[in-house]
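The values are calculated or read from the model by the stated rules, or taken from the named source; none is laboratory data. None of the values given here were measured: they were computed from a predicted structure. When we count neighbours, we look across all protein chains shown, and the Cβ atoms used for this are built from the backbone with ideal geometry, even at glycine.
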Amino acid sequence: MKPMALEKTDMTSVVSPGTSQVFLFSKTLSPSGKCPAASDVPEPSAPVFSEEIHDGFLNAFPGVLAGQTFVDEALKQMGDVGFTALMIRPDSRITAGAGAAVDPFLLNAGFVLEQLTRPLHAIWGLIRPDTLGCMIPETDLSVCRNLAANIQNKLSEYQKETISIGIAVYPLAGFSRNDAVLNAWKALTHAVVAGPGSTVVLDAVSLNISGDQLYQAGNLPGAVEEYRKALQLDPSNVNVHNSLGVCYGMMETYDAAEAEFDAALLLKPDEVMALYNIGVVCLLTGRKEMALDFFMKAAAIDDEIFELALLTGKLYLEAGNPEQARSFLEKALNCRPKSGTALRTLGACFSALNLFREAVAVYTRAVKNNPSDAESFSQLGQLYDTIGENPEIARLFCQQSVAITPENEVYRERLNKLMQK
């Protein structure tokens, strides 16, 4: 899969503060279909500049600059004309320890950059010990892509290890000159996600990935800003609209969240994440019937999503329709057999259907999976009492629920009733 075609399809749920509802979020996948390990992905948003230069590298390239010093000098040399920033990083590397010899990759890359960039009047240096940077007074992307390909090909003559390259051009609407360096870093992050040996020019997906990383770090305002910038580059990106909507939902700005999910559905009416997420917004704003309608539309496309099946089942159960709820809750449990929420909700559904022994079996699974599940212990005690089986066990179950959560009045009342009997 080419980097430009990467899609966010691995759905995960995120809990909205102050609610028990979830939004569907997603992670950008590598071509293999697997999310890259955190150690394989550069830091989000911005590189950690380092002025550190190994003596051996400095001897090979006298006057080479590093870190912020390199960036400042490179921007100064570029002047007010357009330019392109490149970030170059090996795809797998164990950083040499203190006192170790200079990294052969750095030496090879330095010689290659010195050879290939001189005719372009470029300046290159170190961003940090494992990443090189380069700026050239050129905005023709075909020239920049050719340079990246030549760097990769030339380095392959000296080493088996592949490298990834991120490219960002200035001027670019909505971005400053200084942003070009950060944009090249974000493109490099995108290239790492895309797979070994990739070259990526900054695009909406790059900013989407950067926004995802900020989101995972808990920086919602920063993620919102990245997603907005991504939409400047590609207003028709469904994934970005959905991601931005999730951020707004997490910030409890529900009108803005709904607008983004609506925008995603206008672009792709069968987008499951947007259908589900707008249903969650409806649920959080008291429109349960509308929420159920969106959930059913989403389920008609994909009924194997845990959150979708669980919330749909819950809504049917709350509406007094346990028969309809049962199939969705069983699907939810099939998706996550050890989910305490799914087990407890299905147990409640079985109880509403007067299938008490089935309910006992489900709650028993819940407490085996989680011995601190006070609700399931309390329900088991009540169910044993209802079916008239082993009152001593029923009492012990209720006692256990109170021991776990002594402040819960419902659990205490159930225990008191059994004690009175």
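Worth a mention:
- Test result for MET250, without any contact (Cβ under 8 Å) to a residue 60 or more places away in the chain and not charged (D, E, K, R): no
- Of everything listed in (1) of a type outside the set (Phe, Trp, Tyr); (2) outside the structural domain of GLN77 (by TED's automatic domain parsing); (3) assigned to a helix (DSSP H, G or I), the single unmet condition for SER236 is (3).
- Residue pairs whose Cβ atoms lie under 8 Å apart, sitting 6 or more positions apart in sequence or on different chains, and linking a residue in the stretch 396-421 that is in the same structural domain as THR364 (by TED's automatic domain parsing) to a partner that is outside any helix (DSSP H, G or I) and among the β-branched types (Val, Ile, Thr), are TYR411/THR405.
- Residues located in the stretch 248-267, provided they are out of contact with any Ser or Thr (no Cβ under 7 Å at 6 or more places or on another chain) and over 19 Å from ALA291 (Cα atoms): MET251
- Sole residue being within 25 Å of LEU86 (Cα to Cα) and at pLDDT 95 or above, chosen from ILE165, ILE209: ILE165
- Every residue from the stretch 366-381 that is buried (at least 21 other Cβ atoms within 10 Å of the Cβ) and of a type in the set (Ser, Thr, Tyr): SER376, SER378
- GLY279 being surrounded by 24 or more Cβ atoms within 10 Å (Cβ to Cβ), farther than 23 Å from GLN213 by Cα and not aliphatic (A, V, I, L, M): yes
- The residue list SER243, SER236 contains one member that is in contact with a strand residue (DSSP E or B) (Cβ under 8 Å, 6 or more places away or on another chain) and hydroxyl-bearing (Ser, Thr, Tyr), which is SER243.
- Annotation: GLU323 fulfils all but one of (1) modelled with pLDDT of 95 or more; (2) within 26 Å of TYR411 (Cα to Cα); the unmet one is (2).
- Identity of the residue in the stretch 176-211, β-branched (Val, Ile, Thr) and in a helix (DSSP H, G or I), that ends up farthest from GLY67 (Cα to Cα): VAL205
- Residues considered: ALA194, ALA230. Of these, the only one that is modelled with pLDDT of 95 or more and under 21 Å from the mean Cα position of the chain (by Cα) is ALA230.
- Hits in the stretch 214-228 (condition: surrounded by fewer than 24 Cβ atoms within 10 Å (Cβ to Cβ) and in a helix (DSSP H, G or I)): LEU214, TYR215, GLN216, LEU220, PRO221, GLY222, VAL224, GLU225, ARG228
- Any helices (runs of 4 or more DSSP H) falling wholly within the stretch 284-350 and containing at least 3 residues that are within 23 Å of the chain's Cα centre (by Cα) and within 20 Å of GLY245 (Cβ to Cβ): 288-301, 306-318
- When the stretch 293-322 is filtered for residues that are aliphatic (A, V, I, L, M) and farther than 16 Å from ASP270 by Cα, the ones remaining, listed by number, are ALA309, LEU310, LEU311, LEU315, LEU317, ALA319.
- ALA274 being crowded, with 24+ Cβ neighbours inside 10 Å and touching a Gly at 6+ places or on another chain (Cβ under 7 Å): no
- Filtered residues of the stretch 199-225 (kept if among the charged types (D, E, K, R) and without any contact (Cβ under 8 Å) to a residue 24 or more places away in the chain): GLU225
- Which numbered condition TYR384 misses (of (1) of a type in the set (Ser, Thr, Tyr); (2) under 21 Å from SER339 (Cα atoms); (3) buried (at least 17 other Cβ atoms within 10 Å of the Cβ)): (2)
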